[in-house]
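Trainee: Let me begin by handing over the structure; questions about it come next.
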Amino acid sequence: KREKIISCIQEGRGVLGIEFGSTRIKAVLIDENHNPIAAGDHEWENRLENGVWTYRLEEIWEGLQDSYAKLAEDVKNTYQIQLTRLGAIGFSGMMHGYMAFDKDGELLVPFRTWRNTITGEAAAALTKEFSFNIPQRWSIAHLYQAILNGEEHVGNISYFTTLAGYIHWKLTGEKVLGVGEASGMFPIDAKTRDYNQTMIDKFDALVAPKGYPWKLREILPKVLVAGEEAGTLSAEGAKLLDKSGNLSAGIPLCPPEGDAGTGMAATNSVAVRTGNVSAGTSVFAMVV
């Protein structure tokens, strides 16, 4: 068994998953039979700054790099191999929240996490407008609240996304989200497996009097479903992930997903008449 794991790592068939939880960033390497073969983690905590629950950008990258470094160290200590190649990488993060960027890729306001309850007015207004429940933590509620508040940065938005979407973008250059994660930004049409176009049109009409230079779909990530290509690790991305410089670029990445979808995959609850329950920061069931 040990020899099989060693050849799996050496031949770059191992798959890396990294999950950004509220208090811990977890990195896990599995073999082609889905057995965990190495792991690393990093503890962190959000902070309340100017009435907003946030994590700073430097904390995001420090946490990512530390969890990966510990995983690579685990590989080296257990199998005496330097981790340089991978078969695939996938990211998951706290769904929802608000990370808005300008045309130069600069963060316009501090990351507003799912934990914030500062969008009550916007969530209620959009729920009424769409005839569809929009929780306070959803990204679209954060965007509309910023509009209602008359925040200056809104006119400069070129892109907004979730934490997992941000990390994926910086590592691959691709502005995409898995459909499950995207459903925490804006309502999804189950038939098209994309954002609900009727609701997008309603939102654009709602904010049209403001005269912003963007339409909603232009600043949202593209929606992808499981199995679709979501880009590859760039040379810059490889350096961002692995500070030691040992990891090769060109590794394929899957669409960044929410904790619901990753929980289904982790428990193999993906076939009809299967399901799983998550008992994390929120408790929910996923039934197929």
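Trainee: Go through the range 46-81 and give me each residue that's surrounded by fewer than 17 Cβ atoms within 10 Å (Cβ to Cβ) and acidic (Asp, Glu).
Mentor: Correct list: GLU49, GLU58, GLU62, GLU73.
Trainee: Out of the residues in the range 7-21 that are of a type in the set (A, V, I, L, M) and open to solvent by less than 40 Å² (accessible area, probe 1.4 Å), which is nearest to TYR98 (Cα to Cα)?
Mentor: Filtering first and then ranking leaves ILE18.
Trainee: Here's something else I'd like to know. Name the pairs whose Cβ atoms lie under 7 Å apart, with the first residue in the range 22-45 and open to solvent by 70 Å² or more (accessible area, probe 1.4 Å), the second outside any strand (DSSP E or B) and among the aromatic types (Phe, Trp, Tyr), and 6 or more positions between them or separate chains?
Mentor: The qualifying pairs are THR23/TRP44.
Trainee: Report yes if some residue within the range 176-190 is under 20 Å from VAL207 (Cα atoms), in contact (Cβ under 8 Å) with a residue 12 or more places away in the chain, assigned to a loop (DSSP other than H, G, I, E, B) and open to solvent by 40 Å² or more (accessible area, probe 1.4 Å); otherwise report no.
Mentor: Checked against the condition, which is being under 20 Å from VAL207 (Cα atoms), in contact (Cβ under 8 Å) with a residue 12 or more places away in the chain, assigned to a loop (DSSP other than H, G, I, E, B) and open to solvent by 40 Å² or more (accessible area, probe 1.4 Å), the range 176-190 yields no hits at all.
Trainee: Something else: When the residues of the range 244-288 are narrowed to those that are at pLDDT below 80 and assigned to a loop (DSSP other than H, G, I, E, B), which ends up nearest to GLY87 (Cα to Cα)?
Mentor: So, considering only residues that are at pLDDT below 80 and assigned to a loop (DSSP other than H, G, I, E, B), the one nearest to GLY87 (Cα to Cα) is GLY280.
Trainee: Have a look at ALA27, ALA72, ALA39 and point out the one that is more than 16 Å from the chain's Cα centre (by Cα) and in a strand (DSSP E or B).
Mentor: Answer to the check: ALA39.
Trainee: Right, LEU216: out of contact with any Gly (no Cβ under 6 Å at 6 or more places or on another chain), crowded, with 20+ Cβ neighbours inside 10 Å and under 24 Å from GLU11 (Cβ atoms) or not?
Mentor: So LEU216 does not fit the description; no.
The values are calculated or read from the model by the stated rules, or taken from the named source; none is laboratory data. For clarity, every value in this text was computed on a predicted model and none was experimentally measured. In this analysis, Cβ positions are derived from the backbone assuming ideal geometry, glycine residues included, and neighbour counts consider all displayed protein chains. The accessibility values were calculated without ligands, DNA or RNA, using every heavy atom of the protein model including side chains. Shrake-Rupley method; radii C 1.70, N 1.55, O 1.52, S 1.80 Å.
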